[in-house]
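A short write-up of the structure that comes next.
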Amino acid sequence: MNDLRTYFDNNTKRIIHKWEHYFEIYDRHFNSYRNKEITILEIGVFQGGSLQMWKNYFGPKAKIYGIDIDPKCKEYEEENIKIFIGSQSDKNFLADLKTKIPRVDILIDDGGHTMNQINTSFLELFDHVKEDGIYAVEDLHTCYWIDYGGGYKRKGTFNEFSKNIIDSLNAWHSRQSFFKPDNYTKSVHSIHFYDSVTVIEKRQMHPPVSLSSGVLIGDPFAEWKRGPVEKVVRKLGRTLNTILAWLRLPSIPKI
């Protein structure tokens, strides 16, 4: 059992509501930030219990900020915890927030959970997370709830959007002119999908470098050094696969 779960189980302060499996996810990704001078931003304050939990977990050097649309949440401020009142789907509010708080080491979105709220917050705040920071989104089961703007394979859900980041991670290897490295290629180290949670770990990324060592045995490329007929067939196969790729259809077997 990790320290977050221990705190939760013995909590006698303000209420905290979390799914049981979240504690393992938190500790896996957040543990290395403990007892350091870091900045935490949590979207969604409720009654302030989770902000107190983060304060206990990360230690006295952490500066913790919260966002909530309910003005009553201001009452939950305390030492090292400051709360801003506004909507996470209000771009102007988020833009102003970025002028008032330092860049963030860890951002946790536990706000309203609608697709508009999640997507707007991510697009506005992702770049405000430090280049070696973490952006975590909770309760993404709402991506499958119609009344939250969700639905299975529905365009516009955060889960469908974040799946595209997988492509961005691999864009260095693209051989298609229309698919090139983007901001996520250059700033995302990894993306982790869990039940209802997505964790994006940032890092300044550079084109990958292929390395090899040891003694080469034989000719691994011998299969490509074949006669003229085989070369023509292989070229035809490549042409067909290029067309199929453009149409986003499955490829034919390698020739």
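Before moving on, here are some points about what is shown:
- Of all residues in segment 46-72, those that are under 18 Å from His17 (Cα atoms) and among the charged types (D, E, K, R) have Cβ atoms under 7 Å from Cβ atoms of residues that are at pLDDT 95 or above and surrounded by 18 or more Cβ atoms within 10 Å (Cβ to Cβ), 6 or more apart or on another chain, in Lys55/Ala62; Lys55/Ile64; Lys55/Ile81; Asp68/Gly44; Asp68/Val45; Asp68/Ile83.
- For beta carbons closer than 9 Å, sequence separation of 6+ or different chains, a first residue in segment 210-224 that is more than 19 Å from His173 (Cβ to Cβ) and a second that is surrounded by fewer than 10 Cβ atoms within 10 Å (Cβ to Cβ) and modelled with pLDDT under 90, the qualifying pairs are Asp219/Lys225.
- Thr157 being closer than 14 Å to Val137 by Cβ, in contact with a helix residue (DSSP H, G or I) (Cβ under 6 Å, 6 or more places away or on another chain) and not aromatic (Phe, Trp, Tyr): yes
- Scanning segment 195-213 for residues that are among the β-branched types (Val, Ile, Thr) and under 20 Å from the mean Cα position of the chain (by Cα) yields Val197, Thr198, Val199, Ile200.
- Just one of the listed residues (Thr12, Thr39) is under 21 Å from Glu201 (Cα atoms) and either assigned by TED's automatic domain parsing to the domain that holds Phe158 or modelled with pLDDT under 95 (or both), namely Thr39.
- Selection within segment 175-211: residues that are hydroxyl-bearing (Ser, Thr, Tyr), in a loop (DSSP other than H, G, I, E, B) and modelled with pLDDT of 90 or more. The member of this set that is farthest from Ile165 (Cα to Cα) is Ser210.
- Leu94, sole failed condition from (1) buried (at least 16 other Cβ atoms within 10 Å of the Cβ); (2) farther than 21 Å from Val197 by Cβ; (3) in contact with a strand residue (DSSP E or B) (Cβ under 8 Å, 6 or more places away or on another chain): (3)
- Residues located in segment 69-97, provided they are part of a helix (DSSP H, G or I) and either more than 21 Å from the chain's Cα centre (by Cα) or at pLDDT below 95 (or both): Pro71, Lys72, Cys73, Lys74, Glu75, Tyr76, Asn92, Phe93, Asp96
- From the list Asn116, Asn56, the lone residue that is touching a Phe, Trp or Tyr at 6+ places or on another chain (Cβ under 6 Å), surrounded by fewer than 22 Cβ atoms within 10 Å (Cβ to Cβ), modelled with pLDDT of 95 or more and assigned to a helix (DSSP H, G or I) is Asn56.
- Output for segment 144-174, where each listed residue is hydroxyl-bearing (Ser, Thr, Tyr), in a helix (DSSP H, G or I) and buried (at least 16 other Cβ atoms within 10 Å of the Cβ): Tyr148, Ser162, Ser168
- Selection status of Asp105, acidic (Asp, Glu), in the same structural domain as Ser196 (by TED's automatic domain parsing) and either exposed (fewer than 15 other Cβ atoms within 10 Å of the Cβ) or modelled with pLDDT under 95 (or both): no
The values are calculated or read from the model by the stated rules, or taken from the named source; none is laboratory data. On a predicted model such as this, the values are computed, not experimentally measured, just so you know. So basically every Cβ, Gly included, is an ideal-geometry build from the backbone, and we count neighbours across all protein chains shown.
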